[in-house]
Structure formats: structure tokens, C-alpha cells
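Okay, structure first, notes after.
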2 protein chains.
Amino acid sequence: MAVTLKQVAEGAGVSPQTVSNVLNKSLLVKPSTRARVEEVIEQLGYEPNFAARSLRRSHTRTLACILYQRTPEPEPDPYAALVQASISTAARAAKHDLLIHTLLSGEPGELRVLEAMFTQRRIDGAVLLASDLPDDVLGLLAAWPHPVVLLDRDAPESGLPYVAATYAEGVRAAVRHVHGRGRQRIAFVGGPPQPLNRGAQSRLTGYHAGMRECGLDVEEGYVVAGDWGYASGAAALRQLFELPEPPDAVVAANDRMALGALHAARALGLRLPHDLAVTGFGDLDFARYLHPALTTVDLPVQDMARAAVQLLLNAVAGEVKSVTHRVLPTRLVVRQSA
Amino acid sequence: MAVTLKQVAEGAGVSPQTVSNVLNKSLLVKPSTRARVEEVIEQLGYEPNFAARSLRRSHTRTLACILYQRTPEPEPDPYAALVQASISTAARAAKHDLLIHTLLSGEPGELRVLEAMFTQRRIDGAVLLASDLPDDVLGLLAAWPHPVVLLDRDAPESGLPYVAATYAEGVRAAVRHVHGRGRQRIAFVGGPPQPLNRGAQSRLTGYHAGMRECGLDVEEGYVVAGDWGYASGAAALRQLFELPEPPDAVVAANDRMALGALHAARALGLRLPHDLAVTGFGDLDFARYLHPALTTVDLPVQDMARAAVQLLLNAVAGEVKSVTHRVLPTRLVVRQSA
DNA sequence: TTGAAAGCGGTACCAC
DNA sequence: GTGGTACCGCTTTCAA
């Protein structure tokens, strides 16, 4: 059996309460008493029981990171993995533990398990990696009394706190960049149209904005939907090159699809970037090592994760007045692929 | 305030005990009573309080996935991310939650925080992603009374349960493969030599074994150490090509370093795979999309994760007699790079 | 089959 | 500054 507070109290010849005091508000305890108690704690190797503490304090110093996954997922998402790792770091910096949970979209009662984590008081708050979160669940989420922040998606109308990046601007910058390099027929490989989600949508918006600014028309068939996976990028490229007028540039909505496109282009015998420019989105670690090195849009993942945890902790603390969202800047990273 | 069991009891006109019974061993409850209680539960939206339950039952149905990271880490490890995701899936399948925690190697008291999770009864068990775990901590771990399983590293002498793969055989297969393709000067880019760790070591062993079987000598300077990161693979390759007799094949201990090597080789003007064959290890999702597509060694990550969770759950349940380790097969995946 | 009471290991609130 | 006591919400005896 593990050592309890009561045993420490006995060992130090004080009451349980006093031990509790040295553990928490140790200011109230006389130095000599505290010293004695601490010695016994050390000696017995006492550690407070987490469950008992949570029960009494009714919070757990535990946050959840919820991945909302489309099913079937083409493959694990390296970007999500990165975000998650960043959140983990941010959480630990704030002395909280992190529970990882994946919600499978379309699973019966998908959100119930998240809600249960709250009602069971298992977690104090959750950050939702929500790029694929359909708009209609936002209403449900907003109606909850539980602290939740959305990451990787905006949600201005829902009133939910969120952290996003300037996706549209990023894609726009990519379009303008390739246009500046002399490309005229610029296609776009986007995220899944179904269910409609904001992450995919804002990238698409950025594409259209960029095209407009460059005075380019969006040709028939130049917008193709992928599923964020490598293979879908390859498929999209093949589809584009069956068009009567294939593009001379492809702007992809993430790095994975960009790599897939690169791959398929090569299989078609295209010289890169001569025959086709390709840009990605996300700047995954491998991007700079590809051939050609991928021109892409950097997302400030670390900062976003930190901001999300910060916002979440505010919400947990019940600070209503504070900032409820952050939109961080993206940055075009020019390499060889475009 | 959340709904409590007592309120359910009142609502159903029974004692708290009876409610508890329908929640747990519902066999003991008369069907009609159970139905009534369940109705009230449903109606009130009752969920049992996690802390109270853990306190009473003295287990948490929570597992931890501990990443043991060298510091500084060159970049987030996509392989670790994959493993972690797989463990998460395996844990959820076993109806356990997963806490993610990163131990920074060299941090003062690195292991104390893990031990604290146990003594505070925060978790029931932990799987350690232990490929970079130095040998000397194994002794400490083995002395603990807490359920722990090592993933991605063997540890036969410690008595700790572990799940590993046939790393040496995988590398050996890669060496034999490139030799079969006519390569004679085969170099090896391995993991960090310091601190000495088994994952790196067994890959190196496999290299030597493979060379021996092929009747090849390991030339001076043909074994270079990386740190698992992309950049280190690139640096290793450059270093190899400063040798009087550069290799005509490079076997890398992971895919990231292989990609780095590919990149550096191209920068040197080498034609791939004509001038240089490169193999990786791990078969990350991007491997098949590289140019040239990466010949690599597949690791059964899903199976390993499942096995690890299984072993851990056995250990938690105190099943001493059961299997304490698993070594899963690797598989050479031949593509274009070698 | 059900209920009463004790207690898991802490913390809050009250006296002293 | 310190100790007594109730109680967080649930499960486990033990009786009824």
C-alpha cells in the first residue's frame, strides 16, 4: 500500500491537516513544523494520491487533446502529430498532463465520449484539433458548459475560442508567387469538400483571391478535391493532366498532397519545376529535403499550440473577459519546386 | 454541480448502493429495479465521477505513453508519432485512456516524474518508447514495482517486458539486397553512439552481419553516426564522399537519415540510384513518394503497439506467468532507391 | 435483492 | 499555527 498523508502526519506527530498545509499553502505553517513534516515526507517517499486530490478539488490538472479524424483516414497525419506534440509541450509547461483521444467522425455518439470526459471530471478542458470538424457540431460544442478551444480552424460565429492561422493569405501568397514566376495556368488541389469544413474552405478562398489578384481566370476543372493524403495528391495531378489544357502550376492545400502531386508528375515524365511548379502548405520537416525541395507555406505550429493551451487555461479558470481567439500569420517559404 | 450517484438513487427511490450495483455488477439487481435506475440515469445525464471511482478502486484505466527524448532533438520524430498514435488506438480498443508524456533525457530526475505518476496512482501502467533509452536506466526501471513495458528496444537481461522488431535482420536484408544489386562499397549511417543504445546497436550489428555474409570488408570510415534527424543523414553522406573511396551504397538506420542522404547526394551531383544506392529503415508513409522512391525496411508498428499494450495490460493485471516479450519481423520493401 | 454504514485519501472550514 | 471534523462521490463490507 502506498504511503498516505495520515501516515506522514503520524510520523511527524502532527495532524493530517498540517501536512496538507505544508503541501499546499505552506505559508501558514511554522518553519520548524514544516521542516519536520517535509523530512518525513521525503523519508517515507510520500506522494499525494491523485484521485483523492481531484475528488476534493474537483479539477484534475489534465487537459485533453482531441483529434477529430475523418474515417477512413488515408494515413496518419504528420501535421496532426506535430501539433499534438506541441500541445503536449505547452501543456507540460503549464504543469498539466495531456490525455490524447481520437474521435472518429461519423462514429455513433462521437461527441458523447468527449462530453463524458468532462462530466466524469476526467479533464479540465480540451483542445480540439478541429481542421476537419464539420460546421454543424460547432453549435453543439458552443452549447456545452465545458472549456474547449478549437485549433486549426476559425469559428467566429460560434463564440467558441479558437486558434487559427491566415490560411487564405498563405495560399494567396503561393498563388501570387507562382504567378510571379511566370505561371499562368494555376490549379488548386484542396481538401475534402465533404463535410464542408473551414480549413479546406479558407484555403480555397485564398486560391480564388490570389487568382483574382493576378488577373487569372479559374479554368474549368482546375480545382480538384483531395483528402489531405499523399495518394489523393497524386490522383489529383493525374486528373489535372487529363484536361485538354493541363496546368503549369499546382497549389496544394497541404504538403502531403503536394508530395503526391510531385510524385505523379514525375511518373508522367514532367520535368520539375520546369514543366510544372508545385507548392505545398504546412512546411513539414521533410519538405526541404524533397526533390525538388518543396516551396510551401509555413504554419507557426508551436505558437498556435501555445496559444491554444493558453486560451484553454483561461477558459478553465473562468476568465470570460480575456481574448477568445488568435489568428497567427503564415509565411511563404520559397524553395525549388516553385 | 454535476449529477451524483446519490441523486440518481433518490430519483429512483433506491439506495446509492443499488445504483452502484446496476452500474457495475448489474446481475445482482432485479430487472425492474435496474430498468428504473437506468431510466433515471439517462434522464439526469448521470456520469460516474472519475476521481471518486479511481479513489475507491485504486486504479484509473489510464495508461501512459512515455517518449524518452534525447535533447536536443533534431526535429519531431515522425516514427515516434506513428507509434504513439498506434498505442493510442490500441489503448482505446482496450478501453483505457492514454496520457502522453515526454521525458527529456538528462533532465534532473527524469524518471522521478514517471515514478510520481505511479505513486500518485495517476496511471496503471506505462509503455516506454524506449529506442533511445540508455542501458543504465533499465536497472532502475526493473527495480520498480510498477507495470512498464519497453517498446522499440529489447532488454533481455533486465527482465523487463519489451516489444521489439528484428532490427538487425532488417538491416542485414538491406545490405544483402544492395549487394545483390552489384554494390560492393556499402556504407552505414547509424544512430547516435552516445549514449549507447540497443536500437542503434542492433542495426549496426545487422550491418556488420550483412557485410560478413556478403564477403565484404567494412572499410575505414564507412560507419558514420547520425542522430536520427534528416540533417545528420545529409552530413553523413557528405562525410562519406570526402573519403578517398566513397561508397556506392548507403544503408541508413532510419528513413529520415536516408532522405537526408538522398538530398545531399543530389547536391553533390550524384545520379540516383545509378551512382549511389540508398536504403532507409521504418517505411514512413512518405517513403514511397520520394524521388527515387525509397527502398526501406518495414516495421510492423501497429502490431508492435498492440503487443505492447497487451503486455502492459497483462502486467497491470499481475499476470506473471504470461509472455513478457515479443519480437516482430521486419520486411524489406524494395523500391527505386536501391 | 436491497439498504445502512464505513472508508478510500485528501482538503475546507471551523474551532482552539 | 494547529487540530478536529465533515465531506468530495463512489464502492465494499455486512445486515436485513
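The values are calculated or read from the model by the stated rules, or taken from the named source; none is laboratory data. What you are looking at is a predicted structure, and each value in this text was computed from that prediction instead of being measured. No Cβ is skipped: glycine too gets one built from the backbone with ideal geometry, and neighbour counts run over all protein chains shown. Each accessible area value is taken on the protein alone, full model and side chains, heavy atoms only, with ligands, DNA and RNA left out. Shrake-Rupley method; radii C 1.70, N 1.55, O 1.52, S 1.80 Å.
Tabulated values for the structure
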| quantity | calculated |
| --- | --- |
| Nearest residue to the symmetry axis between B and A, taken on chain B by its Cβ, in whole Å | B:Ala81, 2 |
| Shape of the range A:222-273, Cα gyration tensor, a/c cut at 1.5 | oblate |
| Within 10 Å of each Cβ in A:48-60, the average number of Cβ atoms from other chains | 6 |
| List A:Arg176, A:Arg271, ordered by accessible area with a 1.4 Å probe, largest first | A:Arg271, A:Arg176 |
| Cα shape, the range B:167-298, gyration tensor, a/c 1.5 rule | rounded |
| Net dipole in debye of the range B:5-48 [+1 Lys, Arg Cβ; -1 Asp, Glu Cβ; about Cα centre; nearest 20] | 240 debye |
| Copy-to-copy label separations for A:Gly215, where each label sits 7 Å from Cα toward Cβ, in nm and ascending | 7.0 |
| Chain B: angle of helix B:31-44 to the longest principal axis, Cα-based, in degrees nearest 10 | 70 degrees |
| Label point 7 Å beyond Cα along the C-beta direction, distances from B:Ala143 to other copies (nm, shortest first) | 5.7 |
| Helix-only CD estimate at 222 nm, as mean residue ellipticity for chain B, using -39500 (n - 2.57) per DSSP H run (n ≥ 4) | -13000 deg cm²/dmol |
| Rounded accessible area of A:Ser232 (nearest 10 Å², 1.4 Å probe) | 20 Å² |
| For the protein assembly as shown: rounded, prolate or oblate by the Cα gyration tensor [a/c cutoff 1.5] | oblate |
| Mean shadow area of the range A:5-48 over all directions, Cα convex hull, nm² | 2.5 nm² |
| Shortest-first distances to equivalent copies, position B:Gly109, nm, label 7 Å out along Cβ | 4.1 |
| Solvent-accessible area buried by B and A, counting both chains, probe 1.4 angstrom, square angstrom | 4300 Å² |
| Per-residue average of Cβ from other chains inside 10 Å of A:281-294 | 5 |
| Phi-based couplings in Hz for the range B:85-98 (Karplus 6.51, -1.76, 1.60; Gly and Pro marked x) | 4, 5, 5, 4, 4, 5, 5, 5, 4, 8, 6, 10, 8, 10 |
| Cβ neighbours within 10 Å from other chains - mean over B:220-231 | 1 |
| Among A:49-56, A:76-83, the order from most to least packed when residues are scored by Cβ within 10 Å on average | A:76-83, A:49-56 |
| Above-threshold pairs, the threshold being 32 Å between Cα atoms, out of A:Lys30/B:Lys6; A:Lys25/B:Lys95; A:Lys30/A:Lys95; A:Lys95/B:Lys95 | A:Lys30/B:Lys6; A:Lys25/B:Lys95 |
| Most mobile of A:Ala234, A:Ala173, A:Ala94 in a GNM of chain A (Cα contacts under 10 Å) | A:Ala94 |
| With Cα atoms, 0 to 90° folded angle of helix B:110-119 axis to chain B main axis | 20 degrees |
| 5 angstrom amide H check on A:Thr295, placed H, neighbours 5+ away | A:Gly280, A:Arg335, A:Gln336, A:Ser337, A:Ala338 |
| Angle in degrees between helix A:198-213 and the longest Cα principal axis of chain A, rounded to the nearest 10 | 40 degrees |
| Order of exposure, largest accessible area first, which applies to A:Glu10, B:Glu219 with probe 1.4 Å | A:Glu10, B:Glu219 |
| Distant-in-sequence amide H partners of B:Leu150 (H built 1.01 Å from N, under 5 Å) | B:Leu128, B:Tyr162, B:Val163 |
| Cut-off under 5 Å, modelled amide H: who pairs with A:Val223 long-range | A:Phe188 |
| Leading residue at positive end of dipole, the range A:212-286 (Cβ point charges), from A:Gly215, A:Gly233, A:Val250 | A:Gly233 |
